[in-house]
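A.B. asks: One structure, pasted below without further comment.
Values in this text are rule-based calculations from the coordinates and carry no lab data. Computed from a predicted structure; not experimentally measured. All Cβ positions, even for glycine, are placed from backbone atoms using ideal geometry, and neighbour counts span all protein chains on display.
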Amino acid sequence: MHSKKQLKTVSIPSESNDYYSNDDLYNIKSWGADLSFRELMIMYREGELEKPEIQRNYVWDKSEASRFIDSVLLGLPIPNIFLATTKRESRLIVDGYQRIMTIYDYVRGVFSKDNKVFKLTNTDKINSRWRGKAFSELADNEQRRINNTTIHAIIFEQTHPKDDDTSLYQVFERINTSGRTLFPQEIRNCVYQGALNTLLIELNSAVSWRHLLNSREHDSRMRDIEFILRFFALSSDDMRSRSRGRISIKKYLNDFMGCDSNNTEVSIDILRNKFTGMTDFVHEKIGRHAFSSTRDGDVFHFHPTVFDAISIASSYAINRGIAIPTDLSTRHESLLNNDEFKYLLRFETMVATNINRRIQLAANILFDISYE
């Protein structure tokens, strides 16, 4: 059986400090607004207030939620929330989802985590006046206090350009009120919601893919989902046509994920078939450790640049309809031992010519074809 532990990956030094700025490409403005919980709940119920699709699910336990409601009833100060105006003219919750949903759940009477009646915990950490009570059991003035309590929202809006969410990625990247720096794909999941984001989440549960990752558990920082996006972006016609220059993998993946043409129904079907065809083929013909290059004991480490080369070369071979060699296992070992390939796995990995050269080597050694 494959490991239940977190995804084990090889770190690529040349990609570890990938940072970019588009400060010359956009303008943003921000302002403050005091919103009551009643207003926020209506916005959420009517779809005007969006939450990230899977990142930042509701995580507070009943005790944490009860203490927050207790603070509201006591009139204690509440931390700011951060919202961003999207190109869909809705507001995306950058920070504050736990607070908003706690009030939403309490007022509607059902706790999201267990779908049971939401009553405040019956402990001495909660004021005795409302200890163990549901919202419907509070006095009228206490109910009004919750509904009318205002929370200060800092709202961001990109004023130029108006047709994309370029700045939102960097807002998420630079503002960290939760105490935990978000990984790139966690931010993309927040910013680039749509059909492609939904597809990435769907494909991440595919059986062949989980075997190839050597991890049953989904990665809590969404690196496994980023690898799927990486496969799509680096196998694109745009990348194959590039003859020179270094790319920011972070920006390149952002641009691919935010591109409207990659979110159409036709594109989604093509991408789904492309990925599942590749993973099923690689798992069956090369083996579950096809994308690994190193191991610690019985634990194989997933290698991002090995993955790039073999996955894209395999997909290209499938699309070409070539006769599959019977000695792929031997050819796979030869590829991993190739001196030029080993160099390209570690150095200048995001130079366009090196990306395509890795794929060319994999296509040639594994399948006797040229990657053009």
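A.B. asks: Provide the percentage of antiparallel DSSP beta bridges, counting only those with both residues in the chain; round to the nearest 5.
C.D. replies: DSSP beta bridges in the chain are roughly 75 percent antiparallel.
A.B. asks: Would you mind calculating the gained length between Glu202 and Ala134 on full extension (0.36 nm times residue separation, minus the Cα-Cα distance), in nm to one decimal?
C.D. replies: Answer, rounded to one decimal: 20.8 nm.
A.B. asks: Separation of the stretch 221-268 and the stretch 131-154 by C-alpha centroid, Å?
C.D. replies: So the two Cα centres are separated by 46 Å.
A.B. asks: Roughly how many debye, to the nearest 20, is the charge dipole of the stretch 27-160 about its Cα centre, given +1 on each Lys and Arg Cβ, -1 on each Asp and Glu Cβ, and no other charges?
C.D. replies: The calculated dipole for the stretch 27-160 is roughly 240 debye.
A.B. asks: Of Lys113/Lys133; Lys51/Lys87; Lys51/Lys119; Lys8/Lys251; Lys51/Lys125, which ones are farther than 22 Å apart at the Cα?
C.D. replies: Violating the 22 Å Cα-Cα cut-off are Lys51/Lys119; Lys8/Lys251; Lys51/Lys125.
A.B. asks: Given [x] 39; [y] 42; [z] 21, which label gives percent of Cα pairs over 34 Å apart as computed from the coordinates?
C.D. replies: Step by step, percent of Cα pairs over 34 Å apart for this structure corresponds to label [x].
A.B. asks: Okay, moving on. Normalised radius of gyration for the stretch 27-160, please: alpha carbon Rg relative to 2.2 N^0.38 Å, two decimal places.
C.D. replies: 1.09
A.B. asks: To continue, here is another question. Which order do Thr9, Thr198 fall in if you start with the one that has the fewest other Cβ atoms within 10 Å?
C.D. replies: Going from sparsest to densest Cβ surroundings: Thr198, Thr9.
A.B. asks: On full extension of the chain, what length is gained from Ala323 through Asp114, given 0.36 nm per residue of separation minus the C-alpha to C-alpha distance?
C.D. replies: Extra length from Ala323 to Asp114 when fully extended: 70.0 nm.
A.B. asks: Additional query: How would Cys190, Cys259 line up from fewest to most surrounding beta-carbon atoms within 10 angstrom?
C.D. replies: Arranged by neighbour count, lowest to highest, Cys190, Cys259 become Cys259, Cys190.
A.B. asks: Compute the Cα gyration tensor for the stretch 104-149, then decide on rounded, prolate or oblate, letting a ≥ b ≥ c be the square roots of its eigenvalues: rounded whenever a/c is under 1.5, prolate when a/b is larger than b/c in the other cases, and oblate in all that remain.
C.D. replies: Judged from the Cα gyration tensor, the stretch 104-149 comes out oblate (a/c at least 1.5, b/c at or above a/b).
A.B. asks: Among Leu83, Thr198, Leu271, whose Cα projects farthest towards the positive end of the dipole of the chain, with charges put on the beta-carbon of Lys, Arg (+1) and Asp, Glu (-1)?
C.D. replies: Of the listed residues, the answer is Leu83.
A.B. asks: Let me know the charge dipole size of the chain about its Cα centre in debye, to the nearest 20, where only the beta-carbon of Lys, Arg (+1) and Asp, Glu (-1) is charged.
C.D. replies: 920 debye
A.B. asks: So, one more: Which residue, Phe172, Met257, Val282, has the largest displacement toward the positive end of the dipole of the chain when charges sit on each Cβ (Lys, Arg +1; Asp, Glu -1)?
C.D. replies: Ranked along the dipole, the leading option is Phe172.
A.B. asks: Skipping prolines and chain starts, which residues have an amide H placed within reach, meaning under 5 Å, of the one on Phe302, given they are 5 or more residues away or on another chain?
C.D. replies: Here Lys8, Thr9, Val10 satisfy the definition.
A.B. asks: Ranked from highest to lowest mean number of other Cβ atoms within 10 Å per residue, what is the order of the peptides 221-228, 324-331, 365-372?
C.D. replies: Answer by packing, highest mean first, reads 221-228, 365-372, 324-331.
A.B. asks: Once every DSSP H run of n ≥ 4 in the chain is given -39500 (n - 2.57) and the sum is divided by its residues, what mean residue ellipticity at 222 nm do you get, rounded to the nearest 500 deg cm²/dmol?
C.D. replies: Counting only the DSSP helices, I get -14000 deg cm²/dmol.
A.B. asks: While we're on this one: Treat the count of other C-beta atoms within 10 Å as a stand-in for reagent exposure and order Asp95, Asp237 from fewest to most.
C.D. replies: The fewest-first ordering by Cβ neighbours comes to Asp237, Asp95.
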